[in-house]
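The structure appears right after this line, and notes come after that.
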C-alpha cells in the first residue's frame, strides 16, 4: 500500500511539473490564453503548495502579457480608423472580459514565497463591449441591406443569409432582421418542380403516386432546396425533376415445390441394458442399468414456395429552367418479391427439424394482386428516390 501511495505521489508530481512546463512553453511562444487556461485548471484542483506558487506566477505573467497585447492592438486599430476592423475590436474586448472572468473565482491568489497577492488588473469593460457591439451591429446591418439589394445569384443570397444569422445571434430582434432573413432565404433557395411520368403499360396506383410525390415524408433536411409536386403561384422554379417510370415488370404467380425424405434417431423412453448374451447389466450396487431407448423415425416432407416479383425501372432527370439543359441524370430501379412458404408431411413429424416444422403450420395463401405488388414496391422506390435527391449536386 505504501508503494502504491508513493507511486501516485510521483505521478501527481510529474503531471504537475509537466503542466508547469507546458504553461511556460505557451508563454514563450505567445500563446498566453493557453497558458492561462492550463494554470486556471490546475489552480482549481488545489495543487501542492510548491506547484500552486508556480502556477500562480505563470498565470500572473500570462494574464498581464495577454491584456497588454490585446489593449495595444485595440489602441492601434482605433487610431487606424478602418471600419473593417470593428468586429476585431469587439472580439478583443470580449476576450479581455472573458479572460478576467475565468480568473475572478480564484482571487485572491497568495504568493507565500514573496509575501504578497498575485496582481491582476481587473477592469470593467461593459461600456467598451456595448459600444463596440453596437457599432458592429450597425455595420453588419447596413452591409446586409446593401448586399441584399446588390445580390444577383443564389450564392450571394445565401452568403447574405449567413451574415444576417451572425447579426441575429449578436443582437437578437434587431430592427427587421427576421424579415431580411426570410427574404434572403427565399431568394437563395432552389425551387424544384417535380413531375412523375408512368411510361409503362401498368397502371400506377393512385395512392402510390401520392406517396411518391409527398416530399414531406422524405425527411429531407436541405435548407436551400424546396420540392413541389404541384406548382405554386408566385414561385419561379429553377429546376424540373422528372421521375420517369419506363418499365413495371410483374412476374407470373409461381409455385416451387420441394420433396425431402427426413430420418432422425430419437429417444423413445428407456430400457434395461443387456449384455451380448441377453442378460441384464447391473451396476456395483446390483441395480439394473437403464439406458435411453432410441428409435429411428422417418417422414416425407413436401415444401411449397409461393413467389411473385415486381421490378420498376426508370430514370430521374434534373433540367435547368433557365437553359432547358439536362444537368443531371440518374437511373432508378426498385424491386419487391413476395414469398410465402407452406408445407405438408407424411409420416412421423418428429423427424423434422424446427426450421422445417414451422412451415407445416402455414397454409397456401392468395397471391397479392398486381396493383398491390406495385404499391408494395413503393417504399423501396421512395428510399432510392431519396438517395438520388441527396446525391444530387444542385
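The values are calculated or read from the model by the stated rules, or taken from the named source; none is laboratory data. On a predicted model such as this, the values are computed, not experimentally measured, just so you know. Note that we place each Cβ from the backbone using ideal geometry, even for glycine, and neighbour counts take in every protein chain shown.
Look at the stretch 205-216: where a residue is more than 17 Å from residue 334 (Cα to Cα) and a partner is surrounded by 11 or more Cβ atoms within 10 Å (Cβ to Cβ), sitting 6+ places away or on another chain with Cβ atoms under 6 Å, you get 215/227. Checking 269, 324 one by one, the residue that is modelled with pLDDT of 85 or more and surrounded by fewer than 10 Cβ atoms within 10 Å (Cβ to Cβ) is 324 and no other.
Before we move on, is residue 166 surrounded by fewer than 17 Cβ atoms within 10 Å (Cβ to Cβ) and under 27 Å from residue 311 (Cβ atoms)?
Values: surrounded by fewer than 17 Cβ atoms within 10 Å (Cβ to Cβ): yes; under 27 Å from residue 311 (Cβ atoms): no.
Taking the combined requirement at face value, the residue does not satisfy it.
For residues in the stretch 46-77 being exposed (fewer than 12 other Cβ atoms within 10 Å of the Cβ) and modelled with pLDDT under 95, which is farthest from residue 99 (Cα to Cα)? Break it down into steps so the answer makes sense when it comes.
Taking the stretch 46-77 and keeping what is exposed (fewer than 12 other Cβ atoms within 10 Å of the Cβ), we get 46, 49, 72, 75-76.
Okay, now just the ones that are also modelled with pLDDT under 95, so 46, 49.
Values: 46: 20, 49: 24 Å.
Once the filter is applied, the top-ranked residue is 49.
Criterion applied to 195, 151, 144, 184 was being touching a strand residue (DSSP E or B) at 6+ places or on another chain (Cβ under 8 Å) and either closer than 22 Å to residue 322 by Cα or not assigned by TED's automatic domain parsing to the domain that holds residue 223 (or both), and the one residue passing it is 195.
If we keep just the residues of the stretch 219-231 that are within 13 Å of residue 392 (Cβ to Cβ) and outside any strand (DSSP E or B), which is modelled with the highest pLDDT?
Per the criteria, the residue is 224.
Would you say residue 394 is closer than 30 Å to residue 190 by Cα, in contact (Cβ under 8 Å) with a residue 40 or more places away in the chain and part of a helix (DSSP H, G or I)? Taking the combined requirement at face value, the residue does not satisfy it.
Scanning the stretch 337-367 for residues that are closer than 19 Å to residue 255 by Cβ and assigned to a strand (DSSP E or B) returns 337, 338, 339, 340, 341, 342, 343, 344, 345, 346.
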